[in-house]
Amino acid sequence: MKKILKFIVTGCLTFILASCSKSFLEISPFASISEETLASKAGVDGLLIGAYSLLDGGGASGGGQGGSFLLATDDARFGTEGGVSAKDAFLYDATDADLNSRWKFDYAAIQRCNDVIKMIPKATDATDDQKLQFTAEARFLRGIYYLD
């Protein structure tokens, strides 16, 4: 009986000591893209395409709904409906789900543009003209998203 107990204790200690390594902390998350992968002309171009893809209002967390749906126009009412809605009067509440969703969407889009700008200097295979083009496009898109 003592041999079995000694075998189990030895096995458990061996397992515990073998499993406690710091390399476990260095495993990259599944389905993530490293900066080394994106540090090329093709990587920056892919990030820029991702920033452009949000112009139609979809594809980011926050469920943005294309266009400036928060702003009401003078054509929103034809004169047959009575009363004025809160959006027609430009009265917004912090608990408005549409407003919160739009803010999340816009700032997710701005973050994509910032990611492009951050990765441009790391793209060693891009020429200076290409880097300038990427920077100009990303800043322009970021301005559109800030304006919205």
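The values are calculated or read from the model by the stated rules, or taken from the named source; none is laboratory data. Small disclaimer: the values here were computed from a predicted structure and weren't measured. When the accessible area is computed, the model is the full protein with side chains, heavy atoms only, and any ligands, DNA or RNA have been set aside. Shrake-Rupley method; radii C 1.70, N 1.55, O 1.52, S 1.80 Å.
Brief remarks follow.
- Annotation: extensible slack from residue 33 through residue 52 equals 4.9 nm (criterion: 0.36 nm per residue apart, minus Cα-Cα distance).
- Only protein heavy atoms count here; under a 1.4 Å probe, residue 8 has an accessible surface of about 90 Å².
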